[in-house]
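Engineer: The following block contains the structure, expressed as structure tokens.
The values are calculated or read from the model by the stated rules, or taken from the named source; none is laboratory data. None of these values were measured; they are calculated from a predicted model. Heads up, the Cβs are rebuilt from the backbone with ideal geometry, glycines too, and the neighbour counts pull from every protein chain shown. What goes into the accessible areas is simple: the full protein's heavy atoms, side chains included, and nothing from ligands, DNA or RNA. Shrake-Rupley method; radii C 1.70, N 1.55, O 1.52, S 1.80 Å.
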Amino acid sequence: MKNISSNPVEKLIFALDAGSYEEALSWIKLLSGHIGMFKVGKELFTSVGPKIVHEIKQRGSRVFLDLKFHDIPNTVARAGEAAVALDVDMFNVHAAGGSRMIRETVEAAAACAAKRGTVAPIVLAVTVLTSLNNSDLEEIGFGITTNDLVLRLASMAQKSGASGVVASPQDIIALRHALGNDFVIVTPGIRSAAEKVSDDQKRTLSAFEAIQAGADYIVVGRPIRKAKDPLDACRQIIQEIADGLVCQNRS
């Protein structure tokens, strides 16, 4: 059984896509206590390194390490152990790495956490990036739709021991139907209900729509970073989450 808070604030993950330590630190100081988790991705981690994770944890906030590990099973398993040593709360791998890679990483992370006496992080499998649509998959060489590929990869990840998946909000209902309510779903590609999408995200929903559909966590970056008042943007998104939870519970 998954153990996820029903507090709307805890369900909001902020994408800390900053280019420098100073910029990242300013966002951490501003948003700590107003969101549930900070997502540290490739740009920031490559630029700054593990110290940004330590900074977030020292302030009592949670970390989603979004590095999308994808390599041979042994290499990714060791990366999973390193993530546990950083005390992250969540990290991800690419489902396309296959069942053995996922399984060995989940097992290595759990064993490492047990040895350290800590709680094992949530291990997510990335299915299909929200920047990709059916035309993109056809260009790559997949003879399958995004929806079908998401379900195939998510099912494999679940059988391999992953805690959940990162998937487009538009895939939530199908994932819930196929994989049940105990599988964690983290959804990027979230936009304000009133916002017009004008970037590289192609399969998006609002926070309200994603939560109503059954998402456990939503990842929001640009709608907060580009807002005139980021804290007010957080409050609006959290209200959308709360409203979505009410509608979800009624259905």
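Engineer: Among the residues of region 18-36, are any in contact with a Gly (Cβ under 9 Å, 6 or more places away or on another chain) and crowded, with 17+ Cβ neighbours inside 10 Å?
Structural biologist: No; the residues of region 18-36 include none that is in contact with a Gly (Cβ under 9 Å, 6 or more places away or on another chain) and crowded, with 17+ Cβ neighbours inside 10 Å.
Engineer: Return only the number of the condition from (1) in contact with a helix residue (DSSP H, G or I) (Cβ under 8 Å, 6 or more places away or on another chain); (2) assigned to a helix (DSSP H, G or I) that ALA110 does not satisfy.
Structural biologist: With (1) in contact with a helix residue (DSSP H, G or I) (Cβ under 8 Å, 6 or more places away or on another chain); (2) assigned to a helix (DSSP H, G or I) applied to ALA110, the lone miss is (1).
Engineer: Six or more apart or on different chains, Cβ atoms under 6 Å: show the pairs whose first residue is in region 166-190 and touching a residue at least 60 places away in the same chain (Cβ under 8 Å) and whose second is aromatic (Phe, Trp, Tyr) and open to solvent by less than 30 Å² (accessible area, probe 1.4 Å).
Structural biologist: VAL186/TYR217
Engineer: Being of a type outside the set (A, V, I, L, M, F, W, C) and open to solvent by 10 Å² or more (accessible area, probe 1.4 Å) is the filter; apply it to region 161-181 and report the residue that is modelled with the lowest pLDDT.
Structural biologist: Among them, the one singled out is GLN170.
Engineer: If you scan region 43-69, which residues turn out to be of a type in the set (Lys, Arg) and at pLDDT 95 or above?
Structural biologist: LYS51, LYS57, ARG62, LYS68
Engineer: If I go through region 35-85 residue by residue, how many of them are assigned to a helix (DSSP H, G or I) and among the β-branched types (Val, Ile, Thr)?
Structural biologist: Residues flagged as assigned to a helix (DSSP H, G or I) and among the β-branched types (Val, Ile, Thr) within region 35-85 amount to 8.
A quick yes/no check of all residues on (1) surrounded by fewer than 17 Cβ atoms within 10 Å (Cβ to Cβ); (2) without any contact (Cβ under 8 Å) to a residue 40 or more places away in the chain; (3) not aromatic (Phe, Trp, Tyr):
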{"residue": "ALA96", "(1), (2), (3)": "yes, no, yes"}
{"residue": "ALA108", "(1), (2), (3)": "no, yes, yes"}
{"residue": "ALA111", "(1), (2), (3)": "yes, yes, yes"}
{"residue": "ALA114", "(1), (2), (3)": "yes, yes, yes"}
{"residue": "LEU124", "(1), (2), (3)": "no, no, yes"}
{"residue": "THR130", "(1), (2), (3)": "no, no, yes"}
{"residue": "LEU137", "(1), (2), (3)": "no, yes, yes"}
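Engineer: Among (1) under 16 Å from the mean Cα position of the chain (by Cα); (2) at pLDDT below 95, where does ASN133 come up short?
Structural biologist: (1)
Engineer: Let me ask something else. Yes or no: region 8-17 includes at least one residue that is out of contact with any Ser or Thr (no Cβ under 8 Å at 6 or more places or on another chain), at positive phi and not in a loop (DSSP other than H, G, I, E, B).
Structural biologist: Residues of region 8-17 that are out of contact with any Ser or Thr (no Cβ under 8 Å at 6 or more places or on another chain), as a first pass: 8-10, 12-17.
Checking the rest, the ones that are also at positive phi come to none.
Looking through region 8-17, none of the residues is out of contact with any Ser or Thr (no Cβ under 8 Å at 6 or more places or on another chain), at positive phi and not in a loop (DSSP other than H, G, I, E, B).
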